[in-house]
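Novice: Quick one: this structure, given as structure tokens, is what I'll be asking you about.
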Amino acid sequence: MTDQPRTIAYTLGEILTPPILVVGVGNRLRGDDGAGPALVDELSRRGIQALDCGVAPENYLEKIVLARPQTVLFVDAADVGGAAGDMRLADAKEISGHTLSTHAASLGLACEYLNARIAVRIFLLGIQPLRLELDTGLSPAVETAVKSLAEMIVEVLDDA
């Protein structure tokens with residue numbers, strides 16, 4: 001394994017300008033696709049503002065606008081070209097026309113809408129899934145990645 005978590009933590013420290021809103025995207029019933037919502041659970045238990053949008057982030061856009069974050073971090077299971085649990089962080093501009101996320105079309109439109117409504121920096125963090133079958137739960141690698149990511153976000157916000 002590389003020092004990817006350390007790199008992600010450093011980058012998060014550079015881009016997460018409070019107030020932030022972490023937005024989990026995914027289907028809890030489809031294995032590792034539930035990574036985003038699982039992160040929301042982890043962060044909510046720690047008092048961090050987070051929103052579980054399920055598979056339809058476009059249905060939560062006004063909630064995001066009303067929260068008035070400076071930074072939105074969408075987290076979703078995504079093919080990042082790595083091993084299960086590997087993460088890739090991208091600026092929202094990078095997902096336009098690409099398929100970093102399993103929900104790329106709706107995330108791209110959501111980002112456009114948010115940028116039109118509020119001054120916000122938007123990022124997408126993709127976590128490589130191992131399995132997406134119904135009722136399989138998170139794989140150990142993705143569960144570890146989610147917990148590690150929660151720790152990184154808490155640490156970054158504590159330092160801010």
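Computed from the coordinates by the stated procedures, all read-outs in this text should not be read as laboratory data. Just so we're clear, the structure is a prediction, and the values are computed from it rather than from any experiment. Counting neighbours? That spans all protein chains shown, and the Cβs are built from the backbone with ideal geometry, glycine included.
Novice: To the nearest 20 debye, what is the magnitude of the charge dipole of the chain about its Cα centre, counting +1 on the Cβ of each Lys and Arg and -1 on the Cβ of each Asp and Glu?
Specialist: It comes to approximately 320 debye.
Novice: Using the Karplus curve 6.51 cos²θ - 1.76 cosθ + 1.60 with θ = phi - 60°, work out ³J(HN,Hα) for each residue of region 42-58 in order, rounded to whole Hz, and write x for Gly and Pro.
Specialist: 4, 5, 4, 4, 9, x, 8, 5, 8, 9, 8, 9, x, 9, 10, x, 4
Novice: Could you give each residue of region 152-158 its phi-based ³J(HN,Hα) in whole Hz, using Karplus coefficients 6.51, -1.76, 1.60 with θ = phi - 60°, and x for Gly or Pro?
Specialist: 4, 5, 4, 5, 4, 6, 5
Novice: On to the next question. Take each of the peptides 139-151, 10-22, average the number of other beta-carbon atoms within 10 Å over its residues, and list them starting from the highest.
Specialist: By packing density, highest mean first, the sequence is 139-151, 10-22.
Novice: Another question, if that's okay. Using the C-alpha atoms of the chain, what convex hull volume per residue, in cubic angstrom, is computed?
Specialist: Hull volume over Cα atoms, normalised by residue count, gives 97 Å³.
Novice: What net charge do the residues around Val23 carry, taking every other residue with its C-beta under 12 Å from that of Val23, with Lys and Arg at +1 and Asp and Glu at -1?
Specialist: -2
Novice: Between region 110-129 and region 1-69, what is the separation of their alpha carbon centroids in Å?
Specialist: Each part reduced to its Cα centre gives a spacing of 11 Å.
Novice: Turning to a different aspect of this structure: Tell me which residues come under 5 Å, amide H to amide H, from Arg121 once H is placed; ignore anything under 5 positions away on its chain.
Specialist: So Arg121 has HN proximity to Thr71, Val72.
Novice: Which ³J(HN,Hα) values in Hz, rounded to whole numbers, follow from the phi angles of region 123-135 under the Karplus curve 6.51 cos²θ - 1.76 cosθ + 1.60, where θ = phi - 60° and Gly and Pro get x?
Specialist: 3J(HN,Hα) across region 123-135, in whole Hz: 10, 10, 10, x, 10, 5, x, 9, 9, 10, 6, 4, 6.
Novice: If amide hydrogens are placed 1.01 Å from N in the peptide plane, which non-local residues have theirs closer than 5 Å to the one on Asp52?
Specialist: Answer set, sorted by chain and number: Gly24.
Novice: What is the sum of charges, Lys and Arg at +1 and Asp and Glu at -1, for the other residues whose Cβ falls under 10 Å from the Cβ of Ala92?
Specialist: -1
Novice: Quick check on region 1-55: take the gyration tensor over C-alpha atoms, sort the square-rooted eigenvalues as a ≥ b ≥ c, and tell me if it's rounded (a/c under 1.5), prolate or oblate.
Specialist: Note, shape of region 1-55 comes out oblate.
Novice: Among residues other than Ile127 whose Cβ falls under 13 Å from its Cβ, what is the net charge (Lys/Arg +1, Asp/Glu -1)?
Specialist: Net of charged neighbours comes to -4.
Novice: Could you tell me the relative contact order of the chain? Use alpha-carbon pairs under 8 Å, at least six residues apart, and round to a whole percent.
Specialist: 33
Novice: Ranked from highest to lowest mean number of other Cβ atoms within 10 Å per residue, what is the order of the peptides 62-68, 29-35, 123-129?
Specialist: Result, highest mean Cβ count within 10 Å first: 123-129, 29-35, 62-68.
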